[in-house]
Amino acid sequence: MSLTFHWFLPTNGDSRHVVGGGHGTPATASGRDRPPTVAYLSQIARAAEDLGFVGALTPTGAWCEDAWLTTAMVSQNTERLKFLVAFRPGFVSPTLAAQMASTFQRQSGGRLLLNVVTGGESHEQRAYGDFLDKDARYRRTGEFLQVVRALWAGETVDLRGEHIRVEGARLARVPDPVPEVYFGGSSPVAGEVAARHVDAYLTWGEPPAQVARKIAWIRGLAAKGGRTLRFGIRLHVITRDTSQEAWAEARRLLDGFDPHTVRSVQEGLARSESEGQQRMLALHAGRRDALEIHPNLWAGIGLVRGGAGTALVGSHEEVADRIKEYAALGIEEFVLSGYPHLEEAYWFGEGVLPRLAGEGLWRHPAAAPAVQEALVPFA
């Protein structure tokens with residue numbers, strides 16, 4: 001088995017401190033340290049490409065730059081890297097989304113992956129003109145993906161659904177290859193959508209026992225429909241030559257959390273309708289102590305950031321061991337990030353990936369066998 005690793009494009013800004021935001025909370029002031037210019041994001045993307053990451057996730061929401069436009073521009077400054085573009089189905093018609101994806105594939109050389117985000121916060125959705133409740137949004141997502149997938153298959157689509165209605169929908173040119181669809185959600189209705197429509201199910205970085213239960217749940221739902229899915233996990237990373245150095249960096253980040261900001265972010269996230277966000281909050285309960293919730297799994301990021309709130313922290317060997325622990329559960333893809341994203345990509349790419357390569361668990365996407373052997377660390 002060869003694991004797949006993706007990086008992250010911080011279209012909400014980057015910093016040597018944690019940039020908060022997401023799930024209805026605004027980006028923190030540290031996001032202005034390194035603005036998300038095309039030049040800087042391209043620098044991160046090129047580094048990720050060189051290091052062996054397959055793709056790069058871009059977020060969606062009012063707190064960051066638009067993912068479609070930004071990745072379209074950054075793609076012109078890279079050659080191999082794919083772009084895991086997050087988008088919300090309720091904001092554009094399924095026919096237009098299918099057309100946009102098809103265009104992106106042709107203009108980028110087949111480097112689009114789609115991260116479907118239903119939207120967990122009603123107040124943020126209403127700002128975009130979407131007034132459905134959470135469960136209705138998920139049902140709409142299912143209809144949306146039904147139409148998009150049929151269009152990508154070259155079909156003419158007529159649908160009069162609960163939320164989606166199209167007549168005579170058809171693409172002039174279908175995408176080749178068809179973009180893979182990534183999706184996450186912890187509610188029962190989200191599980192049904194994942195089981196029926198997506199290629200890869202993503203979970204945030206919960207402790208392994210919780211991740212195992214989630215995998216079993218989704219795998220069981222998919223099996224009922226005769227389908228199988230891949231599984232991925234979204235985590236931050238702080239990896240250094242020694243465990244002491246890594247935890248010192250985690251403490252430095254924690255020391256930079258302004259108490260007022262933590263309180264404000266936690267109050268905002270406590271109102272979140274997202275079941276996954278509530279699971280993230282439960283890992284730390286707003287406290288600064290006892291943040292190592294599993295060996296090398298640190299919940300400190302979630303004090304100031306919505307969404308993914310945990311990080312793998314430790315030496316390169318320890319982080320590799322935790323990755324192997326998640327892989328043993330069935331996780332095949334890892335969507336990672338770290339502050340700042342440029343430097344942390346190198347720490348992980350030069351420290352952890354060669355160790356996984358040495359055990360036959362990872363191969364650089366562009367490496368010839370002889371080059372791959374050179375990536376194995378010295379004993």
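State whether the residues of the range 232-241 include one that is within 13 Å of L303 (Cβ to Cβ) and open to solvent by 10 Å² or more (accessible area, probe 1.4 Å). Reasoning before the result, please.
Pass one, the range 232-241, residues within 13 Å of L303 (Cβ to Cβ): 236.
Now narrow it down to the ones that are open to solvent by 10 Å² or more (accessible area, probe 1.4 Å): none.
No: the range 232-241 contains no residue that is within 13 Å of L303 (Cβ to Cβ) and open to solvent by 10 Å² or more (accessible area, probe 1.4 Å).
Exactly one of these conditions fails for L329: (1) under 22 Å from I218 (Cα atoms); (2) in contact with a Leu (Cβ under 7 Å, 6 or more places away or on another chain); (3) surrounded by fewer than 18 Cβ atoms within 10 Å (Cβ to Cβ); (4) not aromatic (F, W, Y). Give me its number.
(2)
Return yes when W68 is more than 16 Å from A345 (Cα to Cα), touching a residue at least 40 places away in the same chain (Cβ under 8 Å) and either open to solvent by less than 50 Å² (accessible area, probe 1.4 Å) or part of a loop (DSSP other than H, G, I, E, B) (or both) and no when it is not.
Working: more than 16 Å from A345 (Cα to Cα): yes; touching a residue at least 40 places away in the same chain (Cβ under 8 Å): no; either open to solvent by less than 50 Å² (accessible area, probe 1.4 Å) or part of a loop (DSSP other than H, G, I, E, B) (or both): yes.
No.
It is to be established whether one or more residues within the range 133-141 are open to solvent by 10 Å² or more (accessible area, probe 1.4 Å), touching a His at 6+ places or on another chain (Cβ under 8 Å) and closer than 22 Å to G276 by Cα.
Keep residues of the range 133-141 that are open to solvent by 10 Å² or more (accessible area, probe 1.4 Å), which gives 133-135, 138-140.
Filter once more, so that each one left must be touching a His at 6+ places or on another chain (Cβ under 8 Å): 139-140.
Filter once more, so that each one left must be closer than 22 Å to G276 by Cα: 139-140.
Yes - at least one qualifying residue is present in the range 133-141.
Consider the range 35-49. How many of its residues are of a type outside the set (D, E, K, R), open to solvent by 10 Å² or more (accessible area, probe 1.4 Å) and either touching a residue at least 24 places away in the same chain (Cβ under 8 Å) or in a helix (DSSP H, G or I) (or both)?
Here is the first cut: in the range 35-49, the ones of a type outside the set (D, E, K, R) are 35-45, 47-48.
Filter once more, keeping what is open to solvent by 10 Å² or more (accessible area, probe 1.4 Å): 35-40, 43.
Then drop every residue that is not either touching a residue at least 24 places away in the same chain (Cβ under 8 Å) or in a helix (DSSP H, G or I) (or both), which leaves 36, 38-40, 43.
Going through the range 35-49 one residue at a time, the tally reaches 5.
Just checking, does the range 23-31 include any residue being among the small types (G, A, S), under 13 Å from G338 (Cα atoms) and either over 18 Å from the mean Cα position of the chain (by Cα) or not in a helix (DSSP H, G or I) (or both)?
Among the residues of the range 23-31, not one is among the small types (G, A, S), under 13 Å from G338 (Cα atoms) and either over 18 Å from the mean Cα position of the chain (by Cα) or not in a helix (DSSP H, G or I) (or both), which makes the answer no.
I'd like to verify a number: residues in the range 69-115 that are under 18 Å from the mean Cα position of the chain (by Cα) and among the aromatic types (F, W, Y), how many?
Going through the range 69-115 one residue at a time, the tally reaches 2.
Kindly indicate which of W298, W347 is surrounded by 24 or more Cβ atoms within 10 Å (Cβ to Cβ) and not aliphatic (A, V, I, L, M). Before you say what the answer is, go through the steps one by one.
Working: W347 fails: surrounded by 24 or more Cβ atoms within 10 Å (Cβ to Cβ).
On inspection, the qualifying residue turns out to be W298.
Filter the range 71-98 down to the residues that are outside any helix (DSSP H, G or I) and either more than 15 Å from Y182 (Cα to Cα) or among the basic types (K, R) (or both) and list them by number.
Passing the criteria: Q76, N77, T78, E79, R80, L81, K82, R88, V92, S93.
Right, T118: touching a Gly at 6+ places or on another chain (Cβ under 9 Å) and among the β-branched types (V, I, T) or not? It would help to see each step written out before you state the result.
On the way: touching a Gly at 6+ places or on another chain (Cβ under 9 Å): yes; among the β-branched types (V, I, T): yes.
Answer is yes for this residue.
Please enumerate the residues belonging to the range 170-220 that are over 27 Å from T95 (Cβ atoms) and open to solvent by 40 Å² or more (accessible area, probe 1.4 Å).
Selection gives P188, W204, A209, Q210, R213, A216, W217, R219.
Of E155, E167, which residue is free of Cβ contacts under 8 Å to residues at least 40 places away in the same chain, more than 27 Å from F83 (Cα to Cα) and open to solvent by 10 Å² or more (accessible area, probe 1.4 Å)? First the steps, then the outcome.
Values: E155 fails: more than 27 Å from F83 (Cα to Cα).
Going through E155, E167 in turn, just one is free of Cβ contacts under 8 Å to residues at least 40 places away in the same chain, more than 27 Å from F83 (Cα to Cα) and open to solvent by 10 Å² or more (accessible area, probe 1.4 Å): E167.
For P10, all conditions in the list (1) modelled with pLDDT of 95 or more; (2) assigned to a helix (DSSP H, G or I) hold save one; what is the number of the exception?
(2)
The values are calculated or read from the model by the stated rules, or taken from the named source; none is laboratory data. No experiment lies behind these values; they were computed from the predicted model shown. We place every Cβ from the backbone using ideal geometry, glycine too, and count neighbours over all the protein chains shown. Note: areas computed on protein heavy atoms with side chains; ligands, DNA, RNA excluded. Shrake-Rupley method; radii C 1.70, N 1.55, O 1.52, S 1.80 Å.
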